[in-house]
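Reading through the structure tokens given below for one structure.
What follows draws every value from the coordinates through simple rules; no lab data is involved. Keep in mind that this is a model prediction, so the values were computed, not measured. Neighbour counts run over all protein chains shown; Cβ positions are idealised from the backbone, glycine included.
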Amino acid sequence: MPEVFVAIGLDIDDKSVKFAKLKQTENDIFLLKYAVREISASENKITATANILKEFFNDEKSDTPVYTCVYGPNVSLKHLLIPVIPDEELNEALKWEAKNIIPFPLENASIDYYKIGQHTNKVGEKFELILGAAAENVIKSLNDLAKESGIKFSGASVCPFALHSLVVHNKNIGKDEIIAIIDIGAEAASINLFKGDALQLTREITVAGDAITKAMTGLLVADRWQLNLTYEQAEEIKKKYGIPKKDTNEITDTGVPLIHIFEMMAPTLRRLQNEIQRSFDYYREEFRVEKIDRVFITGGSSRLKNLEEYLSNALGLKVETINPFEKISIDPSSGIKAEDADKASFRLSLAIGLALDKCKRINFLKKKEKTRTAKNSIDELLKKINIKVKIPPQAAIWSLIILLLLAVSYYIYLAKKENYYKQDLASKQLILSDVKELVEKRMILDQIAKEETHIRETLSQVTQVIPEGIILTSLIYDNSKKQIWLSGEAKNTKTVGRLLKNFEDSPNFKKTTLIEARKTVIESVPQIIFKITFNLT
């Protein structure tokens, strides 16, 4: 089987380095080599990482392409719609656009873009594209690492595209399907939403594997139980038992009921669920879509037992785990044992995705072609004139010709720029109109949420003062008057009296009034039917 391509993917984070070497043939993709190493916290990070890379590449050919990715607050991706302009002017236009949307200085930053397509909206033809920017310090760190390790990087992209290439390779994804890829690591998780090849939303959250472990280390006091785990004990239990079921009766090897473990995990799991749900809700609102077709999870912490089932139930969507070796074979000559590769597989997702993706959409190390502008054209023309014609100082005619050429070229350049800015202004006015509408909607929603919160707090306060023996049958709340009417049943008049006293003594209520209290018999049991009213303080 003829070899077509060999590539190496390197996933380098703050704690570890993951290496995957793939061979692509006409009919299949094979794993040739993989490795995972932890970075020593006691060494300089660049030096420690460089030493690991030297070990990885000790017997590698120098011409094998190596792809990695960059991440963090100084790396930004933006989804853009801009007026259609010639490709030779696109770089300059994007630099101008980036100044308004990229949250860090662009001097010496690396900028690249991926053109998704072209379509028509209210103001004419538009390019849809993804703009990527990496700050100078990010690229410098990568260059420092390359220099110290001796490794030549062929490309540096962003993580979402590498993960997307992995999912597309392993799963049958429809052309217009909307998919979510959630990469759950130890310290952070990224939520990425794609429609086809277009990355439409990416967001990083800090609720991930370590947060779940740390949630288990607090003190839990239960019936006949007091649980206080160390981080190491909690991590061991998490890896072995995963997320316990809510109704489980199982216990750990040391006799700890798993239901108590779940109770400690639950608040952090709800935070993870809420962050994902918030991202999905924002995406549906922003892109005006009704549903997300498929949800995939990957990364080291995605292998947590029962996580797939928990998120499926919590989100109301089927969640699928991505095994990076699902459609990648182990090369027979590699000496790799299948069971060893399977254990490391979920930590290798990004490295494998990078080797598959080859930074074909965004590459911050790609050398840009010089943008051809009117000024470039004039400079080239002047050079040609100077080369071909020796201009005497006294020949004023040549000066006039050059000035005319300059004027005409610059006029054409300005006319193009004016047209671009007019289209861009019209586009931004539409966006401003949409933003204004969204702000108005948000104000209404915030007011509703505020009122709902107020009602919930009030109901909680009411519940706290109701004694045993009271059954409420109705509650009417007048928000404008801050007045509440309660109706219910009590065992006897003493219980009603205790209810009235509780309301009178509470600092949250005032003007408590008994409207009615009459005896009746309900199912042969004597009862007191009562109605009271009170105001909120």
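Tabulated values for the structure
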read-out	value
Interchain or long-range residues, amide H under 5 Å from residue 321's placed H	297
Region 51-59 - phi-based ³J(HN,Hα) in whole Hz, Karplus 6.51/-1.76/1.60, Gly and Pro as x	5, 5, 5, 4, 5, 4, 9, 4, 10
Rg(Cα)/(2.2 N^0.38 Å) for region 1-138, N = residue count	1.38
For region 258-338: rounded, prolate or oblate by the Cα gyration tensor [a/c cutoff 1.5]	oblate
By average C-beta atoms within 10 angstrom, highest first, the peptides 17-27, 469-479, 152-162, 50-60	152-162, 17-27, 50-60, 469-479
